[in-house]
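The values are calculated or read from the model by the stated rules, or taken from the named source; none is laboratory data. From a predicted model like this one, the values you see are computed outputs, not experimental measurements. For neighbour counting, all protein chains shown are included, and Cβ atoms are generated from backbone atoms with ideal geometry for every residue, glycine included. What goes into the accessible areas is simple: the full protein's heavy atoms, side chains included, and nothing from ligands, DNA or RNA. Shrake-Rupley method; radii C 1.70, N 1.55, O 1.52, S 1.80 Å.
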Amino acid sequence: MSELFSPSERARDYAARLDAFLSAHVLPREADWQAHTADPARRWTVPGFMEELKRAARTASLWNLFLPDPRIGAGLSNLEYAPLAERMGRCLFASEVFNCSAPDTGNMEVLLHYGSAAQQERWLRPLLDGTIRSGFAMTEPDVASSDATNIATRIERDGDHYVVTGRKWWTTGALDPRCAVFIVMGVTTPGAAPHARHGMILVPRDAPGLTVVRPLHVFGYDDAPGGHAELRLDGVRVPAENLILGEGRGFEIAQGRLGPGRIHHCMRLIGLAQRALEAMIARARQRVAFGRPLAAQGVVREAIAESRCAIEQARLLTLAAAAQLDAHGIRGAKDAIGMIKIVAPRMACEVIDRAMQIHGGGGLGEDHFLAEAYAGARALRLADGPDEVHRAALAKSMLQERHEDAARRPA
């Protein structure tokens, strides 16, 4: 971590233990993971060694590291956790080993902060234990979900139940055999103001009327065994107590969910970009073209230098956003969080693309992690809101601040 954000002794201890665990247990299993998911007969099953790794991580007290509540997590602040997320991001499946992977992290935070005691006992407890997984169903194929007020799925009260009807897609984790529940966002109060019309409700994976229509691919990658899916909800009936917090509270819940999650996403991307840079440097040293190592080529040196600068800039900005989130809460840190959501995915795409270029044809295939890493980074320029929405919101906030400042100045 940069000296501008000097880590606490506790954070240094966690980082050292996490590094040791990743090196000894997780990274050596990458080839096994790839072999498992490459086998069509096993592709949508979970490798047996994953549960072994999770048990080992829990035994090592490297579990639920993202949760600041020391009763159920590590008790780390967002700033303390951010470098740990970066380390996990270097390996595409590492976060799950420590029960720190999306969408479960955000769903656990929703249940922790907004769920009822019964909801916490039924769903939060097994998520904290890592015995089930979950999905978050918000985006829809039939509306422009970048404006979340467009979300049209209906959640209608019918006696002691709610009836859920609609279509969702890009629901991450829906194909995982351990996925047991979805948090679904839909319209509960059609006549209310745009940001008070929606609610969130817990829908069990095996509820009658819920259908996983198809897996969705990103540049051909299906992200097995979790995947991303289109869902259809045809009059799905769930008990009224499955509604989270209350009718019309969906946007309130969404904002609380997305703040820390965007820090996690961005730091994981920084870890992935850092690994791509290291691969770029190794390739430049080893590969010879036109009688010289690639490292001797000016254009390659430029790519390496530009990547180092971009990663460090994004890292510092994300750590600053984490510090603001700790100090001022989600509302006080919203501009900083918006900035990292713009900067980090774009940076990761650019760095990984340079690494692919230096790897030549090999960078496009399955022999290296770069193509799959690029697909994931590119998807995150849309996940949790596209770049354009975050830029517009940031500019609006800045213009409003300047307007208010001007109004306060004496004439």
Exception for Glu366 within (1) open to solvent by 10 Å² or more (accessible area, probe 1.4 Å); (2) charged (D, E, K, R); (3) in a helix (DSSP H, G or I) falls at (3)
Give just the number: which of (1) assigned to a helix (DSSP H, G or I); (2) out of contact with any Lys or Arg (no Cβ under 9 Å at 6 or more places or on another chain); (3) of a type in the set (D, E, K, R); (4) in contact (Cβ under 8 Å) with a residue 60 or more places away in the chain does Arg301 not satisfy? (4)
From the list Gly261, Gly256, Gly332, pick out the single residue that is within 30 Å of Met200 (Cβ to Cβ) and free of Cβ contacts under 8 Å to residues at least 60 places away in the same chain. Gly332
Return a yes/no flag: does the stretch 126-142 have any residue that is open to solvent by 30 Å² or more (accessible area, probe 1.4 Å) and small (Gly, Ala, Ser). no
One residue is enough: does the stretch 348-359 have a residue meeting the conditions under 23 Å from Phe251 (Cβ atoms), at pLDDT 95 or above and under 23 Å from the mean Cα position of the chain (by Cα)? no
List pairs: first in the stretch 140-161 and closer than 18 Å to Ala254 by Cβ, second in a helix (DSSP H, G or I) and hydrophobic (A, V, I, L, M, F, W, C), Cβ under 9 Å, 6+ apart or cross-chain? Ser146/Val389; Asp147/Val389; Ala148/Phe251; Ala148/Ala254; Thr149/Phe251
Anything in the stretch 167-178 that is open to solvent by 10 Å² or more (accessible area, probe 1.4 Å), of a type in the set (D, E, K, R) and farther than 24 Å from Arg125 by Cα? List them, or say none. Arg167
Residues in the stretch 148-166: is at least one assigned to a loop (DSSP other than H, G, I, E, B), open to solvent by less than 40 Å² (accessible area, probe 1.4 Å) and charged (D, E, K, R)? no
Which of the strands (runs of 3 or more DSSP E) found entirely inside the stretch 179-240 contain at least 1 residues meeting this: at pLDDT below 95, loosely packed, with under 14 Cβ neighbours inside 10 Å and of a type in the set (Asp, Glu)? none
